[in-house]
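Right, one structure below, let's go through it.
The numbers here are math on the coordinates, done by the rules we state, and not lab data. Note that the coordinates shown come from a computational prediction; the quantities given were computed from them, not determined experimentally. All Cβ positions, glycine included, derive from the backbone under ideal geometry; neighbour counts span all protein chains shown.
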Amino acid sequence: MRNLRLCVCLIVSGTLFILSGCKKAGFKSYDVGISNCGAVPDEVTVHERDQVHWEPGDQHDYTIRFSNPSEPTGNPFTVRHGVSNPAHPIRGHSGCEPRSPGEFYCKYSLTRDNESTPCADPGVHITP
């Protein structure tokens with residue numbers, strides 16, 4: 001009887017582990033290239049919990065800043081040229097402009113190296 005309960009617990013735990021892994025696999029990562037003080041694509045469309053991977057393609061480092069320091073991702077943060085930068089999860093929309101129901105547009109600024117004036121103002125479009 002004890003072995004039966006142990007087997008059932010292991011089966012249930014294994015199933016929950018597998019299902020939780022499947023749910024996370026549904027999130028996507030989107031690449032945004034930065035060159036000559038501009039982002040490509042200028043507006044990237046993602047779902048909440050997806051990730052955006054900003055990568056400079058020129059010889060400059062950039063600071064990315066959204067109006068809310070914690071959403072849609074913790075910021076400001078610096079992406080450096082010539083190295084692999086981590087992807088940033090998009091986990092909210094506070095400080096963003098509402099669009100159609102459930103959609104938001106989050107502007108961010110790019111600031112090159114140690115310059116004080118931001119470059120063009122691209123954005124992240126968050127859909128449900």
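Data overview
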item	result
Per-residue ³J(HN,Hα) for segment 34-46, Karplus 6.51 cos²θ - 1.76 cosθ + 1.60, θ = phi - 60°, Hz, x for Gly and Pro	10, 8, 6, 6, x, 9, 10, x, 5, 10, 9, 9, 9
FRET efficiency estimate (nearest 0.05) - Cβ-Cβ, Tyr105 to His81, R0 25 angstrom	0.35
³J(HN,Hα), Karplus 6.51/-1.76/1.60, whole Hz, each residue of segment 114-128, x for Gly, Pro	9, 6, 9, 8, x, 7, 4, 10, x, x, 10, 9, 9, 10, x
Phe66, Phe27 arranged by Cβ crowding within 10 Å, fewest neighbours leading	Phe27, Phe66
Full-stretch length increase - Ala120, Thr45 - with 0.36 nm per residue and alpha-carbon distance subtracted	25.2 nm
